[in-house]
Amino acid sequence: MKRTYLGEFEEIVLLLVASLDGDAYGVGITHKLNEETDRSVRLNQVHAALHRLQEKGMVASRLGDPTPERGGRRKLLFTVTAYGYRTLQEIKAVRAQLWSSVPITPKLATGL
Amino acid sequence: MKPNSQAPSPNRRTPPRLADRLLEWFVAPHRLEALQGDLHEEFAYQVERVGFQRARWHYWRDVLGFMRPWAMKRGQSEYPNPTNTDMIQNYLKIAWRSLTRHRSFTSLNVLGLSVGVAAALLLFMTVRYELSFDTFHTESDRIYRVVREQILASGDKEVTPGNPLPMAAALKTDIAQFEAVVPVFGTLDPQVTVLGSDPNATKATTKFLEDDEGMLVGPEFFRLFNFPWLIGRPDALAQPNVIALSKTFAEKYFGDAQQAVGKFLRINNHTTMRVVGVLADAPPNTSFPMNLMISYATKKADKGERYGFGSFEDWGGTSSNDQIFVRLPRNFPVAAADALLKKFSLKHYDKRVDSDQKTHSLSPLADLHHDNRFDTFTNKVAVVPLQRIWNLAVVGGLLLLMACVNFVNIASALATRRAKEVGVRKVLGSQKSQLVAQFLTETFLMVLASLVLGVALTYVALPLLNTLFAVPADASLYFNADLGLALLGLLVLLTLLSGLYPALVLASFSPLDVFRKQIARGWLRGISVRQSLIVFQFATALVLIISTMINLRQMDYLSRMDTGFSKEGVFNFSLDTEYRTRNATLRNELLRVPGVAAVTFSSDMPSSDSRWQSTFAFKNLSKNEDFIASLKMADGDYFKTYGIRFVAGAPYAVGDTLPKFVVNETLLKKLGVKNPATVIGRNLRLGDVTGPIVGVVKDFHTNSARDGGVPRAGGIQPILLTPSNGFYYAGSVKIRSQNLPQTVERIKAVYARVFPEVAFISRFYDEALNAYYKAEQQMGLLYRVFAGLTIFIACLGLFGLAAFTAEQRTKEIGVRKVLGASVAGIITLLSKDFLKLVLVAILIASPIAWYLMNAWLQDFTYRIDIEWWVFALAGLLAVSIALLTVSFQSIKAALMNPVKSLRSE
């Protein structure tokens, strides 16, 4: 299995970039992530993850429009690349395959 | 949830500015806009959610969160830098690698250089200090001392810093061009009695004898020289019998500077003075003793000649105590001023006093510290001739140069090892200039390390400066911004000096030759340069060693010299002429002390620096002889006390006060008298006193053996001895006792009983004499220390080269050993080349050292001959040190197992 390793956090950020479909940027992703996953993630962590994803070639960035609460600064908008999208699908497929072999009522560890 | 019910005003809603600044500073510019935008948006959101204050905390936390390498790393600019910086990085990397690879050679170089730098820095600091004397006065280069040259009837020239007393006033009226004319009298060497608030106190017991202190100056002195007053104003010195003290002296006398003003002191038991001011302590680099400043008006008001002899109407006599300082207008040429003074001299001296020609001229203020023909105000600060200062600078420069030479030698020897690197670089397109830059970078690193180490060494060795040159060891005097600048200059200079030649040699290798393993051409040239550099180093070291040996021998000679008088067990103390009526009592009391063999009172000791001189008449009592005789006033027991032998006649009686004379052989020789017995009983006139010659003494040394090259000192001076009660400043006691301390204690007790008013100051003759040779001893010490350093540095270089050669010839030695060479044979083989160089160095150094030391010895009246064995000994020393250095390496190489050295192919 030869694919770039993707950490759990990176995977979630990449998924969010994909789901926001072209409107993904630092603050947006952070807020959405905190809402959906009930974590408290900070802006710099998300940016670091985005930076790593871009290094791996899974997201691309472009500058968007300025807004007043940003002091007239432009957003850095992220989009998933084809490679990133394929990676997400592969991960999903692997998981699905693994799930398919999990019995409906698995033996769970007890006590001790 | 908001912290306040009021809506925050728009400008209060901005994120913390400091955090923003921080962000702008560390985040890479190409990321800043997006990141800052995100942060601000988040901040606006957080203000709504948790309130302004907590949003600010969040903001700080987020900003600090971005302090990560990925956010900080600057992006590639659209127009990238030329490759220069990359190449420099590469140079540094390669430099570091090659320096660490040749660790031992690197440390040899750094060690040699840093020792050289430290020694040179110490010397240069001394030079700077010595050159800084009295430069802190406003426009000190416009201040001059008026000096006088006198051409005697005999044709001899005499110079003196002394001026006749009426001269200051005459200068003010005659030469309007001088901006200031300041007469100064110094020094009084007074005994100071602290009276406190009562000017008539009689029971005061606090007494101080102040050697080399006590200047008489007017208020104008302080307009010429920058010596600030802490309390009071210089104008107060316009009236007679007032005194200003330095802070130190005020505290010494009265405990506190504030208390001193208005109190009273008595000077020499004759004048009561009121303290009118306190001066800040003078810096150490001044030739003026600034502790006791008596008003010049005191001298003018004094009728008893208690503040120097002569009157303000008399143009005849001068004393070197009376000096005059003037300030020239801006851009006024000294030659013009000298011409004015010449006219002035003609007007005032012509035919007025005698047939001698006297001409005044100006001598720069700086020469107060450098011109040893002229007396200064204090012996506590030695006069240092410029020549000696430049000698120090030269020695410092030589040390640096020798350290550089080491570097050049080792670096060019190592060059062969890097030939391949140079070849590859050239093939890949390196320019020669780039290669030179690369090797200079390496040198630069090494020099930098050495400088840092050298400065640290200097700092540690600073107290040495004090012992070697009597220079204050106060670090803050030397470690200042100027030093930083000098070090920067030194960094560049040393880098170029030691790096340029090896760099050029390396850069000139032809890649073709290198890859065909034929680099010999560049090499051969290198060998001859290296050899001549070693010769240079050893020659320098040898010159210093020989000089040191001759210096030591001369000092030894002086200390054993037969002076013509006996000084063992002679104990001296000062006398106050004010109380001379009690001298007879003192003599009788002293003679009763057990162990005292003889007592004498005199103007000074047989050989001392104080000189009384006069013309006299002998052949024709109405006409002075054409040479000057030195005078010593002494009672009849002088000869017995000092063991001075008579060749004719006998001493005058102890109690004799009638004019009688004893002369020395030199005086008779000058007069052309062959048989000393013929002069006994003949009359001699000294000034207006006429008396018979009663005795002729064998010559004894009249002055310290070195007289600073003053013409008047040519050998032993003609001397006249005569009794004169008013001039007895010194008492001497010959002690013949097993228990010296006890006898000295008894003498002190007797003195205190006879002269309760006078403080007792005393020392043994040997101690007094040693002070004269202190300057020479300091120079001897200097030579020894730095001769040692040069030989050390030279040996470091030799050691490095020997190590290199031994390594280079490992294989050859292996083959030789296999073929049956003996260990001794191999050691000889390896040492021979170096020894040849040292022998050449001896040949070069010997004549140079001979020339230099011969010139130095000319300054001494009594001197040793320079003997051949000194050179032989120095040569032997150099050869054995060199042999020792080299043999360590050659023995190591010779003992190596040939299997090891031959197997490594």
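No value in this document is a laboratory result; all are computed from the given coordinates. Not measured: the values here are computed from a predicted model. Note that each Cβ is placed from the backbone with ideal geometry, even for glycine, and that neighbours are counted across all protein chains shown.
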Across B:40-46, the residue-averaged tally of Cβ atoms belonging to other chains within 10 Å stands at 6
Rounded to whole Hz and in sequence order, give me ³J(HN,Hα) for the range A:58-75 from the Karplus expression 6.51 cos²θ - 1.76 cosθ + 1.60, θ = phi - 60°, writing x for Gly and Pro. 9, 10, 10, 10, 8, 8, x, 9, x, 10, x, 5, 8, x, x, 8, 7, 8
Which value, in debye to the nearest 20, describes the size of the charge dipole of the protein assembly as shown about its Cα centre when Lys and Arg Cβ atoms bear +1, Asp and Glu Cβ atoms bear -1, and nothing else is charged? 3240 debye
Within the protein assembly as shown, percent of DSSP bridges classed antiparallel, to nearest 5: 85 percent
About the Cα centre of the range B:140-370, what is the dipole size in debye to 20, counting +1 per Lys and Arg Cβ and -1 per Asp and Glu Cβ, all else neutral? 560 debye
Report, by chain and number, residues whose modeled amide H sits under 5 Å from the one on B:N664, excluding near sequence neighbours (fewer than 5 apart, same chain). B:V697, B:I719
The range A:14-55, Kirkwood Rh and Cα Rg, ratio Rg/Rh at 0.93
Rounded to one decimal in Å, the inverse mean reciprocal Cα-Cα distance for the protein assembly as shown, i.e. its Kirkwood radius, is 37.5 Å
Cβ-based charge dipole, the protein assembly as shown, positive-most Cα from B:A872, B:N854, B:V696: B:A872
Averaged across A:27-33, how many Cβ atoms of other chains sit within 10 Å of each residue's Cβ atom? 3
Would you pull out the residues with amide H under 5 Å of A:L76's amide H, same chain only if 5 or more places away, H placed 1.01 Å from N? A:G26, A:G64
On the formula 1/(1 + (r/R0)^6), with r taken between the Cβ atoms of A:K107 and A:E11 and R0 of 30 Å, the FRET efficiency rounded to 0.05 is 0.60
Which value, in Å to one decimal place, does the Kirkwood hydrodynamic radius take for the range B:197-332 when every pair of different Cα atoms is included? 16.0 Å
Would you order B:D513, B:D474 from fewest to most other beta-carbon atoms within 10 Å of each residue's own beta-carbon? B:D474, B:D513
Within 10 Å of each residue's Cβ, count the other Cβ atoms and sort B:V276, B:V870 from fewest upward. B:V870, B:V276
May I ask which residue of B:L216, B:T205, B:P161 lies farthest towards the positive end of the charge dipole of the range B:140-370, with charges of +1 (Lys, Arg) and -1 (Asp, Glu) on Cβ and the Cα centre as origin? B:L216
25 °C / 0.890 mPa s Stokes-Einstein diffusion coefficient of the range A:8-99, Kirkwood radius on C-alpha pairs, µm²/s: 179 µm²/s
How many partner chain Cβ atoms sit within 10 Å of a residue's Cβ in peptide A:56-69, on average, as a whole number? 2
For the range B:330-424, what is the per residue volume of the convex hull drawn over the alpha-carbon atoms, in cubic angstrom? 228 Å³
Ranking A:I91, B:I143 by Cβ neighbours within 10 Å, fewest first, what do you get? A:I91, B:I143
Could you work out the percent of alpha carbon pairs in the range B:577-757 separated by over 22 Å, rounded to a whole number? 48 percent
Quick one: helix B:29-50 against the long Cα principal axis of chain B, what's the angle to the nearest 10°, folded into 0 to 90? 90 degrees
For the range B:10-72, count the residues as N, evaluate 2.2 N^0.38 Å, and divide the Cα radius of gyration by that value, please. 1.07
Kirkwood hydrodynamic radius over Cα pairs of chain B, then Stokes diffusion coefficient at 10 °C and 1.306 mPa s, in µm²/s: 46 µm²/s
Relative to the first principal axis of the alpha-carbon coordinates of chain B, what is the inclination of helix B:740-754, with its axis defined by its Cα atoms, in degrees from 0 to 90 and to the nearest 10? 60 degrees
Once normalised by the length of the range B:217-327, the mean sequence separation of its alpha carbon contacts under 8 Å that are 6 or more apart gives a contact order in percent of 31 percent
Length gained, B:D235-B:R101, 0.36 nm per residue minus C-alpha separation, equals 41.0 nm
Using amide H atoms built 1.01 Å from N in the peptide plane, name the residues 5+ places from B:W612, or on other chains, whose amide H lies under 5 Å from its own. B:L631
The alpha-carbon center of the range B:262-313 and that of the range A:1-71 are separated, in whole Å, by 90 Å
For chain B, what relative contact order do you get, as a whole percent, if you take Cα pairs closer than 8 Å and at least 6 residues apart? 13 percent
Work out from phi, with θ = phi - 60° and the Karplus expression 6.51 cos²θ - 1.76 cosθ + 1.60, the ³J(HN,Hα) of each residue of the range B:375-384, listed in order in whole Hz, and give x for Gly and Pro. 6, 10, 8, 9, 8, 6, 9, 5, 6, 10
For helix B:386-414, report the angle its Cα long axis makes with the longest principal axis of the Cα atoms of chain B; keep it between 0 and 90° and round to the nearest 10°. 20 degrees
If R0 = 30 Å, then B:Q259 and B:D211, at their Cβ-Cβ distance, give a FRET efficiency to the nearest 0.05 of 0.75
P(r) of the range B:639-702 in 10 Å steps, Cα pairs, percent per bin? 21, 54, 25, 0
Once every Cα of the range B:140-370 carries one equal point scatterer and solvent is ignored, give the base-10 log of I(q)/I(0) from the Debye formula at q = 0.08, 0.09 Å⁻¹, two decimals. -0.32, -0.40
